[in-house]
1. Taking residue 329, is it more than 30 Å from residue 180 (Cα to Cα), more than 23 Å from the chain's Cα centre (by Cα) and modelled with pLDDT under 95?
2. Could you say which residue among 94, 55 is modelled with pLDDT under 90 and either in contact with a strand residue (DSSP E or B) (Cβ under 8 Å, 6 or more places away or on another chain) or within 24 Å of residue 299 (Cα to Cα) (or both)?
3. Looking at 423, 389, which one is over 19 Å from the mean Cα position of the chain (by Cα) and more than 15 Å from residue 219 (Cβ to Cβ)?
4. Every residue in the stretch 367-406 that is assigned to a loop (DSSP other than H, G, I, E, B) and either under 28 Å from residue 195 (Cβ atoms) or touching a helix residue (DSSP H, G or I) at 6+ places or on another chain (Cβ under 9 Å) (or both), please.
5. Does the stretch 173-203 hold any residues that are within 23 Å of the chain's Cα centre (by Cα) and more than 19 Å from residue 350 (Cα to Cα), and which are they?
6. Of the residues 192, 202, 211, 215, which is within 24 Å of residue 355 (Cα to Cα), free of Cβ contacts under 8 Å to residues at least 40 places away in the same chain and assigned by TED's automatic domain parsing to the domain that holds residue 282?
7. Which one of 346, 418, 361 is part of a strand (DSSP E or B), modelled with pLDDT under 95 and within 29 Å of residue 212 (Cβ to Cβ)?
8. How many residues does the stretch 40-59 hold that are more than 16 Å from residue 6 (Cα to Cα) and surrounded by 11 or more Cβ atoms within 10 Å (Cβ to Cβ)?
């Protein structure tokens, strides 16, 4: 190898390794396959290094090579699968209901059938369909109405998106079933070994299409309901050719009496092994003075927290045992941004009790921490949010109750530093 060429290539890898490795791992079905593709990617980049003449295009150039290597791997895989196919797949017999639906669809104009597919199967809103097809919104509504009438008259079982939306959309009761004051919460350690759980830990929503879940935020020391957030997963998403789902959060501010629709929108991929954040949209309010800010996993700094355990592959879905050391009435941890297990607990909220795993996480430079209690089925039950005294004193959110918080609120010690309980977030499953 030429010394100068090798030196240039090494520097190039160091600058962009994280993004390229993340991109390939997100697209490949397994870590072993990803490593094979990465090897070919770096080999191709080194071989064609002379073609890279613009330093500003380094990242895009490497991503193009990685994208081509991924495509080549899939082409080879599909060819192998075609050769290996010897037994034809069994043909399933459609039900009478399915046959009726197909007959009604076949009798509709192609444009109307396309709208049905976008609306019911892919989860697009009517305005989004109008924009996508370049037709007036009124036309979309009219064609949907016509299609519904056809299904009603035929007796065919029309897809139930409309009914589902009515159940999941906010009506006049934005606070859902969350009581105005935090119910009694008790947390008792159980004398049993930690049970590993499979969960997108620290999220109240499981990123599967059709999932809907709400959480209520209770602030201390008042213990009053402050926010109710509802997350839903309306449809699939594809970010930089990586498949995932879209997650939308609406938040109702109880004190202000205001509903913030699409308060946060992000895109997630969950495999059998990992959960990965693919992108995020912030500041979506039209009256917000700040612009909408979009980031994706191809940004160097993106996911530095949520994927801290493995910034390349993502956060493991399996929350394996990783006990925090207990000392001097608190905990001792070795790293920030990773999950430490605290054991098994009996969590009681009001009159309902749950068996849950306790998980501690301290973020960034230890300015805040969370302790989550997750059911053995992988559902978030309770997330307790803690901040340091310095963080509370510097935040404008706590001006009116700062001294009471510092004096009255429950706290924990981590590495000798005091973290003060700021709020409890309850999942609707506990109500």
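The values are calculated or read from the model by the stated rules, or taken from the named source; none is laboratory data. Small disclaimer: the values here were computed from a predicted structure and weren't measured. Quick reminder, even Gly has a Cβ in these numbers, built from the backbone with ideal geometry, and neighbours come from all protein chains shown.
1. Considered against the rule, which asks whether it is more than 30 Å from residue 180 (Cα to Cα), more than 23 Å from the chain's Cα centre (by Cα) and modelled with pLDDT under 95, residue 329 comes out as yes.
2. Exactly one of 94, 55 is modelled with pLDDT under 90 and either in contact with a strand residue (DSSP E or B) (Cβ under 8 Å, 6 or more places away or on another chain) or within 24 Å of residue 299 (Cα to Cα) (or both), namely 55.
3. That would be 389, the only listed residue that is over 19 Å from the mean Cα position of the chain (by Cα) and more than 15 Å from residue 219 (Cβ to Cβ).
4. Let us first name the residues in the stretch 367-406 that are assigned to a loop (DSSP other than H, G, I, E, B), namely 367, 376-379, 395, 399-401.
Once the filter is applied, which keeps residues that are assigned to a loop (DSSP other than H, G, I, E, B) and either under 28 Å from residue 195 (Cβ atoms) or touching a helix residue (DSSP H, G or I) at 6+ places or on another chain (Cβ under 9 Å) (or both), the stretch 367-406 yields 367, 376, 377, 378, 379, 395.
5. Those that are within 23 Å of the chain's Cα centre (by Cα) and more than 19 Å from residue 350 (Cα to Cα): 174, 196, 197, 198, 199, 200, 201, 202, 203.
6. 211 is the lone residue from the list that is within 24 Å of residue 355 (Cα to Cα), free of Cβ contacts under 8 Å to residues at least 40 places away in the same chain and assigned by TED's automatic domain parsing to the domain that holds residue 282.
7. 361
8. Residues in the stretch 40-59 being more than 16 Å from residue 6 (Cα to Cα) and surrounded by 11 or more Cβ atoms within 10 Å (Cβ to Cβ): 3 in total.
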